[in-house]
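Report on the structure given below.
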Amino acid sequence: DKLNLVQPYLGDLLKRSTARVATNKDFDYVRDEIEKFRKRQDDKTISLNEKQRLKEMAEDKARAEAQKKERLARKETDEKVYEISLKQADLPGLPPPVQKTNSLAKAADAAGKTKSVNLQADIHLSPADSDPAHTGAPKVNAVTVADEEPSPVDVNLDEAERILTDYISLMQKRGLLTATRPTL
């Protein structure tokens, strides 16, 4: 039997997403980049004038800096992020929220700058190499912290998260989303 629980909600989800995308500044940046790319592909010539090329590169750099500055000037969202481990999954309630993201992924230094953690670590998956608590979790041998640019905004991923949130809220309103804990 086919069970399509998404189909009844597609119209509402599409309407909400379209409204958000139309007013989202990051999607405006994406649309501008796509338009610039198409113009460059359509134009089969390129200037050999060094001054003209330097001017174009300076304009591109200035636009990117303006976008970055605008993103940094935005009001912080009140979004909360929780780290939940398998040990905490059975406990009632949520643990305290973490600052902004995974505690291993960002750490603030004394100057208030953001440092990103390079998670290219040597991970061993054999049971003999598991952590000292013998939980079976792999042991991470090396994690290095290096100053890096913050990762660019992934507007598609953010919108996918919002669509999923909308879907869950719509399912809850119609009573289709319920969860019960089995009693032992």
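The values are calculated or read from the model by the stated rules, or taken from the named source; none is laboratory data. Quick caveat, the model's predicted, so the values are computed rather than measured. So basically every Cβ, Gly included, is an ideal-geometry build from the backbone, and we count neighbours across all protein chains shown. Just the protein is used for accessible areas: all its heavy atoms, side chains included, with ligands, DNA and RNA removed. Shrake-Rupley method; radii C 1.70, N 1.55, O 1.52, S 1.80 Å.
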Among residues of the range 14-50 being of a type in the set (S, T, Y) and under 29 Å from G175 (Cβ atoms), the residue most open to solvent (accessible area, probe 1.4 Å) is T18
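A quick yes/no check of all residues on (1) at pLDDT 85 or above; (2) open to solvent by less than 50 Å² (accessible area, probe 1.4 Å); (3) in a strand (DSSP E or B); (4) touching a strand residue (DSSP E or B) at 6+ places or on another chain (Cβ under 6 Å):
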| residue | (1), (2), (3), (4) |
| --- | --- |
| A66 | yes, no, no, no |
| G93 | no, no, no, no |
| L104 | no, no, no, yes |
| Q120 | no, no, no, no |
| A128 | no, no, no, no |
| T135 | no, no, no, no |
| I163 | yes, no, no, no |
| M171 | yes, yes, no, no |
Hey, E79 farther than 16 Å from D158 by Cβ, at pLDDT below 90 and outside any helix (DSSP H, G or I) or not: no
Which condition breaks for G11 when tested against (1) under 24 Å from I163 (Cα atoms); (2) open to solvent by 90 Å² or more (accessible area, probe 1.4 Å)? (2)
Checking K55 against (1) under 29 Å from the mean Cα position of the chain (by Cα); (2) over 30 Å from K173 (Cα atoms); (3) open to solvent by 100 Å² or more (accessible area, probe 1.4 Å), the condition it does not meet: (1)
A73 being open to solvent by less than 80 Å² (accessible area, probe 1.4 Å), within 21 Å of the chain's Cα centre (by Cα) and not aromatic (F, W, Y): no
